[in-house]
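Notes follow once the structure below has been shown.
The values are calculated or read from the model by the stated rules, or taken from the named source; none is laboratory data. Values in this document were obtained by computation on a predicted structure and should not be read as measured data. Positions of Cβ are backbone-derived with ideal geometry, glycine not excepted, and every protein chain shown enters the neighbour counts.
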Amino acid sequence: MRRSVSRKTGQTNSTDATDLFRSASSKASSKEMERIDNLFYSYANKSSGMIDPEGIESLCSDIEVSHTDVRILMLAWKMKAEKQGYFTLEEWRRGLKALRADTVNKLKKALPDLEKEVKRPTNFQDFYAFAFRYCLTEEKQKSVDIESVCELLGLVLGSQYRAQVDYLIEYLKIQSDYKVINMDQWMGFYRFCNEISFPDFNNYDPNLAWPLVLDNFVEWMKAKQT
């Protein structure tokens, strides 16, 4: 009988310890979320209840990053932000909790790791697609103007594919067939930079399912090279 009592007592102690750990963990998580919320409200517009472009500029100033820096776009991706230039409380919580950043200093320190995370091949394509969707600011909008696309290409692909991107931007600015770019064309630009030998285009086959704008770009490039 004593053994039975002893075993039960041991189980009770173990359960108590687990409960205490869970309680402490829950309190810590609750405190972290409270700090994340407080940080949000320090930048949020009181009337809209969201962080607006002005709030984002203040945030950028505090973390010492330009509002045009690609890392701000990466932060928006991490939050799964839906509206360009705005962060909701839910988006803010999602992003900062994932980054384990409940202070400005922690957020600043989290940016290099976020950059590495985005640049992993498994994540980059998703980020690249997000960057385009984030520019669709009007309801039912499906395309982005050439000027904005050129800026975005430089921002998200420029560091990895500088030569291709520079020529592609040059071509897009001088051509007159396209005033806007859609998602299919946008994703084609990434595939092209990632897969096609440059600047000889040896493995480019116009008979494959490439957007016509890229067929035209390759023709333009080859004409420049002759």
Does the stretch 50-64 contain any residue that is outside the structural domain of VAL156 (by TED's automatic domain parsing), in contact with a Ser or Thr (Cβ under 8 Å, 6 or more places away or on another chain), assigned to a loop (DSSP other than H, G, I, E, B) and under 21 Å from GLU138 (Cα atoms)? yes
Pairs with Cβ under 9 Å, 6+ apart, first in the stretch 186-211 and closer than 18 Å to LEU153 by Cα, second acidic (Asp, Glu): PRO211/ASP184
Somewhere in the stretch 177-194, is a residue of a type in the set (D, E, K, R), more than 19 Å from the chain's Cα centre (by Cα) and either modelled with pLDDT under 95 or on the phi > 0 side of the Ramachandran plot (or both)? no
Somewhere in the stretch 23-43, is a residue of a type outside the set (Gly, Ala, Ser), outside any helix (DSSP H, G or I), modelled with pLDDT under 95 and surrounded by fewer than 17 Cβ atoms within 10 Å (Cβ to Cβ)? no
Of the residues in the stretch 89-119, those that are under 25 Å from GLU151 (Cα atoms) and surrounded by fewer than 20 Cβ atoms within 10 Å (Cβ to Cβ) number 9
Candidates THR15, THR68, THR9, filtered to the one that is at pLDDT below 95, on the phi < 0 side of the Ramachandran plot, of a type in the set (Val, Ile, Thr) and assigned to a loop (DSSP other than H, G, I, E, B): THR68
Being of a type outside the set (S, T, N, Q) and in a loop (DSSP other than H, G, I, E, B) is the filter here, so list the residues in the stretch 169-187 that pass it. ASP177, TYR178, LYS179
TYR86: passes all of (1) in contact (Cβ under 8 Å) with a residue 24 or more places away in the chain; (2) under 13 Å from the mean Cα position of the chain (by Cα); (3) surrounded by 16 or more Cβ atoms within 10 Å (Cβ to Cβ) but (2)
Quick one: how many residues across the stretch 142-168 are buried (at least 18 other Cβ atoms within 10 Å of the Cβ), assigned to a helix (DSSP H, G or I) and among the aliphatic types (A, V, I, L, M)? 6
Of the criteria (1) among the hydrophobic types (A, V, I, L, M, F, W, C); (2) closer than 26 Å to LYS31 by Cα; (3) in a helix (DSSP H, G or I), which one LEU73 fails: (2)
How many of the residues in the stretch 122-141 are of a type outside the set (D, E, K, R) and loosely packed, with under 13 Cβ neighbours inside 10 Å? 3
Can you give me the number of residues within the stretch 192-203 that are surrounded by 15 or more Cβ atoms within 10 Å (Cβ to Cβ) and assigned to a helix (DSSP H, G or I)? 3
Identity of the residue in the stretch 76-96, part of a helix (DSSP H, G or I) and either small (Gly, Ala, Ser) or touching a Gly at 6+ places or on another chain (Cβ under 9 Å) (or both), that ends up farthest from VAL156 (Cα to Cα): LEU89
Test for PRO121: is it modelled with pLDDT under 95 and under 27 Å from LEU99 (Cβ atoms): yes
